[in-house]
Amino acid sequence: MSQDTFNPIENSESGKQSSARESVVYSVEQLNAHIRQTLEGNLGIVWLQAEISNFKPHSSGHFYFSLKDSKAQISAIMFRGFNSKLKFKPHDGLEVIIRGRITVYEPRGTYQIACESMEPVGAGALQKQFEQLKEKLKLEGLFDAARKKPIPAYPRHVAIVTSPTGAAIQDILNIMSRRAKNVQITLVPALVQGVNAAASIVDSLQLALKLPVDVIIIGRGGGSMEDLWSFNDEKLARLIASATIPIISAVGHEIDFTIADFVADLRAPTPSAAAELVAKSSVEITQKLNHADRMLISTLQKLLRLKQQMFSLTVKRLIDPKKKLQDYSLRNDELLTRLEYSMKSVLNNKKHDVQLLQEQLAQPTDVIQAFKAKIEKFQMRMTNTLTTKLSSYDYKIKNVMSLLDSLSPLKVVDRGYSIVSSGAKIVRKIKDVKKSDQIEIKIKDGLIMAEVIGTKSLIAKEKSNGL
């Protein structure tokens, strides 16, 4: 079997094979393995800036996609162990900078880049993470104004979740001591910057939610996006959204925004502004009390004047009790007269009705005579009916007796026939008697006593004759 030869080093100008190496015959597997070793050994780690295309997350957890620019593209894969560390979700059209290794998938003979890290280009990884988390929580309704709790106007106890050494806590304490010394303040220390800051803030906020406070301030002073990043934590955002105590977010300066600002019940542009929101100025409170005092006095004066007017009108309408009693006495006499007249009228009407009934009432003797006439009439009808019924039944009995007499056996005997009986049994067939039986023969004018000396069957004879 002939084999083609392949030499990996070929002079493209002369077209001749190099004499420095001998010709080598590769299998496809060996060739792909050689290419893989060459690529991975020579290139090693590479950095690549490109646009993601055909992005497909596999059920295994791996990401499969292409990286392309305006003129070329390369297949790429990012295994689950590496993509689980991403802080954003890749998608088609996203321009990224990746770090990876060129490798060959030997069974298919294709090469690809295995990505180990990835960051968006342009806005940066942190900004991309921020926008994606913001959009996710917004779609879930965590930013809706309807679910936000009102901030108490005059809280008595305030918890502050922040760094105990930062400038933010000092600003808050200064404002609170100046504006509202009566408000109790509880500081719940937390890290507000660094790798462990997000977890520290979550733990401190959970502790603050267990305290008997009216409102919670969570925040820190200004800084870069990286410095404020711990307030963009998703777990922190969900804890703020589920809190039963109103929470004010006071992170950074007025131009800084974090996820905590959007989820909190109220966003304060700075920690100092948050302190001013919960600690009403004593001057402001005094002004409100003075205004309320004036309004109360004015309202009471108006109410008093109204009551005086009503009293004057009532006095004018009031009648002398003696005159009132006289009026009631006259009214009583009038009603009594009307009652007497009505009673007399009713009695007269009832008397007239009784007279009419008496006139309509019949004499007892007339009633008795009428009943007697009815009784005689009923007796006559009953007698006629019984006579008719008896005649009808007599006629029917005679017909039945005549029919019964015509069917009587004695009538047959009168016509010359006889009736033979053996004891109390009528002899109808030859087998009803046997030799020496005593029988009675009933004829028209008497009985004949006889003894059977023998029997003969006519049926047997007829059969023997062929009948």
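Scanning for something touching a strand residue (DSSP E or B) at 6+ places or on another chain (Cβ under 7 Å) and under 13 Å from Glu119 (Cα atoms), does the range 53-76 turn up at least one residue? No, that holds for no residue.
Using the structure shown, decide if Gln170 is modelled with pLDDT under 85 and part of a helix (DSSP H, G or I). No: the conditions fail for Gln170. In the range 128-145 there is at least one residue matching the filter, namely being of a type in the set (A, V, I, L, M, F, W, C) and closer than 29 Å to Lys288 by Cβ.
Counting the residues of the range 134-160 that are of a type in the set (Gly, Ala, Ser), in a loop (DSSP other than H, G, I, E, B) and over 27 Å from the mean Cα position of the chain (by Cα) gives 1.
Here Ile175 fulfils each of the conditions (1) assigned to a helix (DSSP H, G or I); (2) free of Cβ contacts under 8 Å to residues at least 12 places away in the same chain apart from (2). When we screen Arg108, Arg101 for residues that are in a loop (DSSP other than H, G, I, E, B), under 30 Å from Gln30 (Cα atoms) and of a type in the set (D, E, K, R), the only hit is Arg108. Ser421 passes every criterion in (1) surrounded by 10 or more Cβ atoms within 10 Å (Cβ to Cβ); (2) of a type in the set (Gly, Ala, Ser); (3) not in a strand (DSSP E or B) apart from (3). For beta carbons closer than 6 Å, sequence separation of 6+ or different chains, a first residue in the range 110-122 that is without any contact (Cβ under 8 Å) to a residue 24 or more places away in the chain and a second that is among the aliphatic types (A, V, I, L, M), the qualifying pairs are Glu119/Ile97; Glu119/Ala125. Here Leu347, Leu318, Leu300, Leu386 are screened, and the one residue that is exposed (fewer than 10 other Cβ atoms within 10 Å of the Cβ), outside the structural domain of Ala159 (by TED's automatic domain parsing) and without any contact (Cβ under 8 Å) to a residue 40 or more places away in the chain is Leu318.
Residue pairs whose Cβ atoms lie under 9 Å apart, sitting 6 or more positions apart in sequence or on different chains, and linking a residue in the range 182-206 that is farther than 12 Å from Asp227 by Cα and at pLDDT 90 or above to a partner that is acidic (Asp, Glu) and assigned to a loop (DSSP other than H, G, I, E, B), are Ala199/Asp233; Ile201/Asp233; Val202/Asp233.
Candidates in the range 62-98 are the residues that are at pLDDT 90 or above and in a loop (DSSP other than H, G, I, E, B); of these, the one that is farthest from Leu48 (Cα to Cα) is His62.
The values are calculated or read from the model by the stated rules, or taken from the named source; none is laboratory data. Nothing here was measured: the structure is a model prediction, and the numbers come from that model. Every residue, glycine among them, receives a Cβ derived from its backbone with ideal geometry; neighbour counts consider all protein chains shown.
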